[in-house]
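Below is one structure, written out as structure tokens; the observations come after it.
The values are calculated or read from the model by the stated rules, or taken from the named source; none is laboratory data. Only a predicted model underlies this, so the values are computations on that prediction, with no experimental measurement involved. Glycine gets a Cβ as well: all are built from the backbone with ideal geometry, and neighbour counts include every protein chain shown.
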Amino acid sequence: MSGNLTPYLLALSAGLAYAFSALLAKRAMELGAGTSRSLIYSNWITALFFLPYPLLADSPLQNSDFQNGAILGGIFFTAQSLCFAALRSGDASMVTPIMGSKSVFVALFLFLLGLSPEPIGLATWTAAGLAAVAVALIGWPTKGSSPSLPGMALALCTAAAFGLVDSMVPHFTHQSDPFNVLFVMFSTLGLLSFALIPLSQGKFLGSRGRADRWMWASSLPMGGQAVLMSFAIGFFRVPTEANVFYSCRGLWAILLVAFLGRRMGLREGNVSRSTQIRRAIGAGLLVLGIYLTPMGGD
């Protein structure tokens, strides 16, 4: 790993912000904010965070910025959509840790896309194996309930999609000014979100009371964590290493649910202590496996 701790501290902070946002979003959807509607507003607010980026760039926007940023934005939009669908289908303390497997996908895509000159090492395959065990522990159903297979599947697809984005961002941002590419990327995210409005059930613009308050509260840390990770990955070019620290969001989510779940009124706040411990062990194994990934030669 690099001796510069800045990207890792940014990623660690982003992981905490993401876990907090996921819990708030889960509560908003439980109260009736709507999955598509919550996703749209979250994407729009996230896009607003990146509007000042061109003002910080050293060069004007180029055609390549629009092309590369649009590609990244389209993939990110898909990943974000899968993320909200996963949260809607499963517990945040299950879905968020599973999405920590993203780092394994980052290393894999770096190799498959030829963005890393090194082969996939034994440590990376070990990490993948640990990730599989961790996912099983995290997703194992509570006593008397059935496993949330759709939630687990969507969480893994989300991890793969976000992993693809993170493997491509450093390559594209360093072909041009990172500020410009990231601006186009998240502007694309905001624009594509308009296409989801017809999928929203009920009045899109009308207030939904408490549900909307939770929704707005979740959108702000979601946008903040995107900014933090954009700097960690887009400017420092350590996508896999940064994701080691970002993957701690799974542990953050489990701890937040344990301490705040019932106070927030989350249904998963009543999950048994044994389930919480098992998920924490799974999340810990996942972090250990992901820690091995950068040592595997990417």
Quiz item: What's the number of the condition LEU110 fails, among (1) modelled with pLDDT of 75 or more; (2) among the aliphatic types (A, V, I, L, M); (3) not in a helix (DSSP H, G or I)?
Solution: (3)
Quiz item: Any residue at all in the range 210-227 that is surrounded by fewer than 20 Cβ atoms within 10 Å (Cβ to Cβ), basic (Lys, Arg) and within 30 Å of VAL133 (Cα to Cα)?
Solution: no
Practice problem: Hey, can you tell me all the residues within the range 243-260 that are among the small types (Gly, Ala, Ser) and surrounded by fewer than 24 Cβ atoms within 10 Å (Cβ to Cβ)? | Solution: ALA258
Exercise. Inspect the range 38-47 for any residue being out of contact with any Leu (no Cβ under 6 Å at 6 or more places or on another chain) and more than 25 Å from ARG210 (Cβ to Cβ) and give the result as yes or no.
Key: no
Exercise. Can you tell me which residue among SER103, SER38 is at pLDDT below 95, of a type in the set (S, T, N, Q), crowded, with 19+ Cβ neighbours inside 10 Å and within 13 Å of the chain's Cα centre (by Cα)?
Key: SER103
Practice problem: Quick one: which residue in LEU82, LEU5, LEU61 is aliphatic (A, V, I, L, M) and free of Cβ contacts under 8 Å to residues at least 60 places away in the same chain? | Solution: LEU5
Quiz item: What is the residue count in the range 204-247 for residues that are assigned to a helix (DSSP H, G or I) and modelled with pLDDT of 85 or more?
Solution: 25
Quiz item: Can we say SER64 is over 16 Å from the mean Cα position of the chain (by Cα), outside any helix (DSSP H, G or I), small (Gly, Ala, Ser) and under 21 Å from MET185 (Cβ atoms)?
Solution: no
Quiz item: Pick from LEU9, LEU51: which is surrounded by fewer than 22 Cβ atoms within 10 Å (Cβ to Cβ), at pLDDT below 90 and either of a type in the set (A, V, I, L, M, F, W, C) or outside any helix (DSSP H, G or I) (or both)?
Solution: LEU9
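Each row is one residue, and each column tells you yes or no for (1) part of a loop (DSSP other than H, G, I, E, B); (2) within 13 Å of the chain's Cα centre (by Cα); (3) buried (at least 23 other Cβ atoms within 10 Å of the Cβ).
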position	(1), (2), (3)
ALA14	no, yes, yes
TRP44	no, no, no
ALA70	no, no, no
ILE75	no, yes, no
